[in-house]
Amino acid sequence: MQEKSRLALAALLAGAVGIAFAPIFVRFSEVGPSATAFYRLFLALPVLWLWRARERARPEPPRTPASAKEYRQLAVAGLFFAGDLALWHWSIRYTSVANATLFANLAPIFVTIGARILFAENIGGGFVAALALALTGAVMIVGHSLQLAAPHVAGDLLGIATATFYAGYMLSVKHLRRSFSTATIMSWSGLAACLVLFVVALWSNERLVPETVKGWRVLIALASISQVGGQSLIAYAFAHLPASFSSLSLLLQPAVAALLAWILLGVPLGLLQAFGAGVILCGIAIASLQQR
C-alpha cells in the first residue's frame, strides 16, 4: 500500500471513530432525533464553509462547481445523507436499536455492488470473504439484542433503506472526489442535507430547541466530532481508496460505538461483543491485504 493510501486509511479509520460518537451524542441530546440530525449539519456548516473559503483564497484554489449538473450531483449526495440519517432515526421507532443498527450496517454490501458496476472496481474472492467476516462481527456486536419478529418488519425495512441511502451517499462522494475537494463536497452536500432535515424535524413535531447550555454543547460536539471531523476525514479518504474497501472499513464504527457506550454510558460489553469487534478488525485487516 502506497504512502498516500496509508494516510487515507488512517484518515478513514479516524473518521469511523468520529462517527462512532454520534449515537452517544444522540442519546444525550435534549431535542428530537430528526432535530438532532438537523443541528449536526446546521452547526457544522459555518466551519465547513469557512474551510472552503480558505481553500478558495489560495493562489491555486481547488476546482469549484461550474454547471447546474455539478450542483445537482452535490445536492444528491446531501439528499442521500439526509435520507440516511432520517430513515435510521425512524427505523429506531419501529424496531429495536440493535436491529436498526445491524441493518444500517449492511451498507458495504450495496456499496460493493455499486462500486463494481459504477467504477469497475475489482472485487475478488478474498475481499468478499473479508466483507462476510466483518459483517459477521457486526452481527456479534448486536446479536444478543437482535429481535427478528413480525412487529419489527417495518422498522427492519427502514433499516435496510438506511443502508441503501448511506451506500448512495458513499458512492456519490467517491464520484465527486474525482472532481472536487473535501471541503467543497462537505459544504454543498451539507447545505442540501440541512434543508431536508429541517423539514423532516418540523414534520416530526419534535422538540426543536435544547433547554440547557449542556444540550447545546452536546449538539456542537456532535457537529464538530462526527460531522466536521468524522465525515470530512471519510470524504478525504474516498479520493484515495476503493469505495468497496472504504465502506467495509467503516464497519469499525459499530465496534467503537459499543466500546464508547460501555465507557460513557455503562452499557454492558459482553464477551460476544468484544469477540465481534475483533472479528471486524480481522475482516478489515484481510481486506487491507487485498489492496496491496
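The values are calculated or read from the model by the stated rules, or taken from the named source; none is laboratory data. Remember, predicted model here, so these are calculated numbers, not experimental data. Here the Cβ is made from the backbone with ideal geometry for all residues, glycine too, and neighbour counts use every protein chain on show. Quick note on the areas: whole protein, heavy atoms, side chains included, nothing else; ligands and nucleic acids left out. Shrake-Rupley method; radii C 1.70, N 1.55, O 1.52, S 1.80 Å.
Side notes on the structure shown:
- Pair list, Cβ < 6 Å and 6+ apart or interchain, from the range 13-40 residues that are over 12 Å from residue 197 (Cα atoms) to residues that are open to solvent by 50 Å² or more (accessible area, probe 1.4 Å) and in a helix (DSSP H, G or I): 14/233; 15/233; 18/225; 21/225; 24/264
- Scanning the range 198-215 for residues being in contact with a Leu (Cβ under 8 Å, 6 or more places away or on another chain) and either at pLDDT 95 or above or surrounded by fewer than 21 Cβ atoms within 10 Å (Cβ to Cβ) (or both) gives a total of 3.
- So residue 285, is it out of contact with any Ser or Thr (no Cβ under 9 Å at 6 or more places or on another chain), within 30 Å of residue 123 (Cβ to Cβ) and either open to solvent by 20 Å² or more (accessible area, probe 1.4 Å) or of a type in the set (S, T, N, Q) (or both): yes
- Residues in the range 262-277 that are within 17 Å of residue 137 (Cβ to Cβ), part of a helix (DSSP H, G or I) and touching a helix residue (DSSP H, G or I) at 6+ places or on another chain (Cβ under 7 Å): 272, 273, 275, 276, 277.
- Segments classed as helices (runs of 4 or more DSSP H), wholly inside the range 48-135, with at least 2 members that are among the charged types (D, E, K, R) and crowded, with 17+ Cβ neighbours inside 10 Å: 68-94
- Top-ranked residue of the range 214-250 - restricted to ones that are closer than 23 Å to residue 34 by Cα and among the polar types (S, T, N, Q), ranked as nearest to the chain's Cα centre (by Cα): 231
- Filter result for residue 238 (at pLDDT 90 or above and either among the β-branched types (Val, Ile, Thr) or under 16 Å from residue 42 (Cβ atoms) (or both)): no
- Tabulated pairs, the range 267-278, first without any contact (Cβ under 8 Å) to a residue 12 or more places away in the chain, second open to solvent by less than 30 Å² (accessible area, probe 1.4 Å) and of a type outside the set (Asp, Glu), C-beta under 8 angstrom, 6+ apart or interchain: 267/258; 267/261; 269/258; 269/261
- Some residue of the range 159-168 being at pLDDT below 90, part of a helix (DSSP H, G or I) and surrounded by 24 or more Cβ atoms within 10 Å (Cβ to Cβ): yes
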